[in-house]
Structure formats: C-alpha cells, structure tokens
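Values quoted throughout were computed directly from the atomic coordinates according to the rules given, and no laboratory measurement underlies them. For clarity, every value in this text was computed on a predicted model and none was experimentally measured. Heads up, the Cβs are rebuilt from the backbone with ideal geometry, glycines too, and the neighbour counts pull from every protein chain shown.
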Amino acid sequence: MTRKHDLVIIGQGSAAFAAAIKADELGVSTALIGTNETKGTLLGGTCVNVGCVPSKNLLTVGVSYYDSIREPFGAIRYGKTKLDFKRAMAEKDALVRKFRREKYAEVLKGLHNVEHISGEGRFVSRDEVKVGRRTIKAKKFLIAVTGGDAGACTIDDAQSASEVVSAAVASAESGAWVKVPPVPGARYGGEPTVTSGQAG
C-alpha cells in the first residue's frame with residue numbers, strides 16, 4: 001500500500017515535533033515516522049524518555065541528598081535524611097510519562113495534517129520511504145533523528161546532498177546534537193564531521 005504526503009519527517013523527538021507543528025500550521029500534508037528502541041516508550045525522543053528529563057531529575061535528587069548528608073551550610077539545621085531510591089525512580093517515571101503525554105501525545109492529537117506512523121522508516125527510492133509493509137511517497141523529507149553515527153559521506157546527486165544537509169541544519173537550529181544517520185546509497189569514509197552548533 002502506498003500513501004502520498006507532501007512531507008515525510010523521520011523521527012519523533014523534539015526536532016521532529018517542531019517541524020510537524022510548523023508543517024501543520026502551514027497546512028502541509030505530513031507523515032511523522034518514528035520508533036523508539038526503549039521498551040515501553042511510545043512517543044518522544046531521547047531527551048524526554050532516557051536523556052535530559054529523567055537524568056536531570058535523578059541528578060537533582062542526588063545533589064539534594066548529598067547536600068543534606070554532608071551539611072554544607074552551618075546556618076541550616078539538617079535532620080536525618082534517608083533516600084528512598086525506589087520512590088525516586090517511580091517519581092522519575094511519572095515525570096517522563098507526564099512530559100510524554102503533555103508535550104507529545106496531546107500535541108499530536110491536535111495536528112490535523114499530520115499522520116503519525118509508528119515504525120522504522122527506510123528509503124527505498126529518492127521519493128519513497130518504507131515502514132513495514134507500507135510505502136510512503138513524498139515530495140520532501142526531513143531527517144530529524146540523532147541516533148545515527150556521524151560520518152563524512154559522498155552523494156552523487158547534488159539535490160539529495162542538499163536535502164540531507166538541510167535536515168541536519170534544521171535539527172541543529174532546534175538545539176539538537178546532530179549526527180546525520182546513514183543514508184542508503186551514500187558512500188561513507190573519512191573522519192566524522194560534527195554539524196551541530198553545540199560542538200565545543
């Protein structure tokens with residue numbers, strides 16, 4: 001079965017959703033294709049599921065606990081502090097679920113021009129992506145994922161190269177750490193190239 005859209009976005013994290021929201025505002029027929037390797041997660045990228053949100057939450061718990069047991073400020077009366085690690089993990093999981101629901105699932109419901117397709121998208125031609133048994137045909141593509149390996153690539157078709165670079169730039173502007181994923185048909189070699197403005 002082949003479906004047609006004006007735009008296909010590969011990815012379902014913050015950069016992908018930012019693009020999907022804008023596409024929806026412009027009335028662009030869009031397919032948002034994504035999957036998550038982390039068991040039990042449905043939407044959202046690395047940040048909300050296993051990166052920024054859960055790690056910073058647990059780091060804050062750890063810092064608060066550490067400060068309370070070493071009593072760094074004489075002006076504060078510290079009591080007996082006990083860490084309930086099981087509860088800390090449960091609170092972290094609840095926070096992740098909340099953010100996933102509010103920032104992704106509920107937002108997706110309000111996007112009337114965007115079709116979410118759960119699965120791994122693979123290019124089968126310059127204007128087609130396959131997801132399972134479904135084929136999605138589109139005029140434009142945006143690769144908004146950070147799970148690939150960085151690498152220098154050579155693409156014979158100048159138009160295809162432009163589209164790959166445009167996707168990387170769009171993701172970089174969103175604040176994501178960009179690593180262009182492997183592109184079928186491209187030849188890789190040389191040293192990795194960092195395309196993100198966050199490189200330091």
Cβ neighbours within 10 Å, averaged per peptide: list 48-59, 14-25 in order, most packed at the top. 14-25, 48-59
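Please arrange ARG101, ARG70 by counting, for each residue, the other beta carbons lying within 10 Å of its beta carbon, fewest first.
ARG70, ARG101
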Gained length - GLU102 relative to MET89, 0.36 nm times residue gap less alpha-carbon distance: 2.7 nm
Exceeding the 28 Å Cα-Cα cut-off - candidates LYS109/LYS140; LYS22/LYS86; LYS4/LYS109; LYS80/LYS103; LYS109/LYS139: LYS22/LYS86; LYS80/LYS103
Gain in span if fully extended, CYS52 to MET1, counting 0.36 nm per residue against the direct Cα distance: 14.6 nm
